[in-house]
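In what follows, a single structure is set out as structure tokens and then discussed.
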Amino acid sequence: MTAPRTPKVSYGGDYNPEQWPEPVWDEDHRLFTRAGIDTLTVGVFSWSLTQPAENTYDFAILDRILDRAAAEGRRVCLATGTAALPPWLAKKYPDVNRTDFEGRRHRYGQRHNFCPSSPAYRRLSTQMAGRIAERYARHPALLAWHINNEYGGLCYCELCADAFREWLREKYATLDALNDAWCTTFWSHRYTDWTEIEPPNALTEHWRGPDHTAFQGTTLDYFRFTTDALLGCFLAEKEVIRAQDPDAPVTTNFMGMFRPLDYHRWAPHLDFASWDSYPPLDAPPTWPSLAHDLMRGLKDGAPFWLMEQTPSTTACREVNPLRRPGELRLATFQAVAHGADAALYFQMRASRGACEKYHGAVIGHAGRDDTRVFREVAEIGRELELLGDASLGARTPARTALVFDWDSWWALEISDGPSRLVRYQDTVHAYYRAAREAGADVDVIPQTADLAPYDVVIAPALHMIKGDLAARLEAAAGRGATVLSTFLSGRVDEHDRAFLTDVPGPLAPLMGIRVDEWDSRARDFVQPVRMGELTSDARLVFEIVLPRGAEPVGTYGADFYAGTPAVTRNKYGKGEGWYVATALDQPGVNEVVRRILTRHDLIGPYADQPAVETATRVAPDGTALLFLLNHAPEPARLTAHATATDLLTDKRVEQGDPLTLDPLGTAILRIQQSGINRSAAHVRPAHRTSGRSSC
């Protein structure tokens, strides 16, 4: 099952009319019509409303919400409401309240506050989901099911301890296997009974917080267990929904690059991926685009939904800057460019009280339709009507892949040494950014993905090598692909045990190198790396490379290892293996990545425009759409690389003509067949009034 079938990009967002008197609903729907809103997410936090006591259900308000949406011709993404406990449940069944990392059993409060191992939570949440599905499965407004909300958080109670032990029994079968995996001969930790195993927290294996653990294998498995425990809650609700409704697709909203949960383990169980985009305040445009591509990659390149973004400002940070005029439009079309078939907001009307009353909304407290934010939302709605179904179901014809791996992320950042200053996201983003700014479309894939469609495979900080990945990377290079990896890659196996071989472990033959030593330094220490005429500032970790067939591309410029390789290239079959042994600055990363992309003719036509983001989608009928997004506050002056029509203005541009993007402007070019480049012709089959462009 795939994402909902709709006639255009779904547009709307989270709507909580239960927070206001019903006469306000009339005004809401009038404004929704003006803004082109066609899709509402409802019921996300409605559990205490629809079930005020254990044996009492009251769907009167939810009935009216859905009936009104249907009467207005709007569709609903209906949530099960199980992300926040009702007070009575926490009072009657205290085991539903989480125990935190410090060992404290919490009392009632906040949200995302349930223990995933609690029998009471599992029983009552699935009953709630089942009741909602039974009542609304055939409702004319229903478009999709939205289970829970932004799953996350860990629990360390006795129920979770018992569940963890059972999870370990299923994984390892014997204590001998577990003791071997966790290296328990270290510090006299050898277990002789399953009941001796404790969850790794501040009272057991950890000190100075969740990332400092004496036994990385134990903590790594607890992260995996938590992912599976929360997934079990999702699957229980999905099962009871499916019993009532075999047709409407089911999702839950992810949070992009969210460390606590391995979304690759969830992906097979979602009918379509969806996520909430709230990028860091100082993030470059490639940060949200990386998250978009990660979400698209969860379902083998299938379109996803942007389930939430703010129309103006957030409220949860110390400082909450306002989106400038045009930024919302740019962010919305960026999501569509990277594979979104829905663009939804949080929230439709501002909450009157509590912690999100100052969070941005399409409609403010005064309910006005003449605010700048509302006008921008309405203009985007008008343009999505113009776009129609042109991008629906379209896929990205990427020939460049970036490997993103939660296990490597966890293992790297809970490791004692070589450096706690290395951050997985930052390392991965640097290489993704270089590829995207060079104009390459990028698929963000798991370690298990098929590598056959790709000419370039980028695997930064691939700390953990699992299964047959090394052999498949060698096979990719053997047929002509280029594989790039970096420092701290190939260090450990799936249990976080060091490989008993030369670094970078199973990657060493492909990379043609050996690493015996590595130097870790403070953040302000800089080591120059020379690559031809470019000198890059390198930081944090400096692996000392001994070539074993590889040729130097860049060399260190100081210390006793001055003149030794920092960047290497190794011929392997018809392809190459590149290794970057240190954390280069962004210009250095750009240099390496552009050399690799040039080898495969993957530099984009606008790669000399650093503020212009490009993304390609190919529709099911073969039509190629090129998205051009100008992230600069000045116009971008381009030369059209192909004959095309801008779907937002209906203006035609001939190859070689001048093409200007307004500040923060967007163009969506439908390219004539003869103008489709080699990249756009290769699409993986499914398997498994703000700135406009002027031509």
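The values are calculated or read from the model by the stated rules, or taken from the named source; none is laboratory data. Nothing here was measured: the structure is a model prediction, and the numbers come from that model. Glycine gets a Cβ as well: all are built from the backbone with ideal geometry, and neighbour counts include every protein chain shown.
Tabulated data
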item: Only listed residue being of a type in the set (Gly, Ala, Ser) and within 24 Å of the chain's Cα centre (by Cα), chosen from Ala361, Ala390, Ala366; result: Ala361
item: Residue that is farthest from Ser289 (Cα to Cα), among those in segment 325-357 that are under 26 Å from the mean Cα position of the chain (by Cα) and at pLDDT below 95; result: Cys355
item: From Asp180, Asp193, residue being out of contact with any Ser or Thr (no Cβ under 8 Å at 6 or more places or on another chain) and surrounded by fewer than 14 Cβ atoms within 10 Å (Cβ to Cβ); result: Asp193
item: Matching residues, segment 350-362, being closer than 17 Å to Thr314 by Cβ and out of contact with any Ser or Thr (no Cβ under 8 Å at 6 or more places or on another chain); result: Ala350, Ser351, Ala354, Cys355, Glu356, Val362
item: Test result for Gly532, more than 30 Å from the chain's Cα centre (by Cα) and farther than 29 Å from Pro446 by Cβ; result: yes
item: Pairs with Cβ under 6 Å, 6+ apart, first in segment 27-40 and under 16 Å from Arg368 (Cβ atoms), second among the aliphatic types (A, V, I, L, M); result: Leu31/Ile363; Arg34/Ala378; Ala35/Val377; Ala35/Ala378
item: Selected residue (only one of Val515, Val553, Val545 is assigned by TED's automatic domain parsing to the domain that holds Asp455, in a strand (DSSP E or B) and buried (at least 23 other Cβ atoms within 10 Å of the Cβ)); result: Val545
item: Some residue of segment 439-450 being under 19 Å from Val553 (Cα atoms) and not in a loop (DSSP other than H, G, I, E, B); result: no
item: Filter result for the condition that a residue is within 25 Å of Gly326 (Cα to Cα) and either modelled with pLDDT under 95 or surrounded by 17 or more Cβ atoms within 10 Å (Cβ to Cβ) (or both), over Thr666, Thr643, Thr660; result: Thr666
item: Hits in segment 303-340 - residues which are touching a Phe, Trp or Tyr at 6+ places or on another chain (Cβ under 7 Å) and either more than 23 Å from Pro249 (Cα to Cα) or surrounded by fewer than 19 Cβ atoms within 10 Å (Cβ to Cβ) (or both); result: Thr310, Pro311, Thr314, Ala315, Phe333
item: Among residues of segment 566-595, those that are in a helix (DSSP H, G or I) and either of a type in the set (Ser, Thr, Tyr) or within 12 Å of Ala477 (Cβ to Cβ) (or both), counted; result: 0
item: Filter result (closer than 19 Å to Ile414 by Cα and either more than 23 Å from the chain's Cα centre (by Cα) or not assigned by TED's automatic domain parsing to the domain that holds Gly554 (or both)) within segment 451-486; result: none
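This table checks each residue for (1) surrounded by 16 or more Cβ atoms within 10 Å (Cβ to Cβ); (2) in contact with a Leu (Cβ under 7 Å, 6 or more places away or on another chain).
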site	(1), (2)
Trp145	yes, yes
Asn149	yes, no
Gly153	yes, no
Pro199	yes, no
Arg208	no, no
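Conditions tested, residue by residue: (1) surrounded by fewer than 17 Cβ atoms within 10 Å (Cβ to Cβ); (2) at pLDDT below 95.
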site	(1), (2)
Thr564	no, no
Ala581	no, no
Leu597	no, no
Leu602	no, no
Glu613	no, no
Gly622	yes, yes
Leu625	no, no
Glu634	yes, no
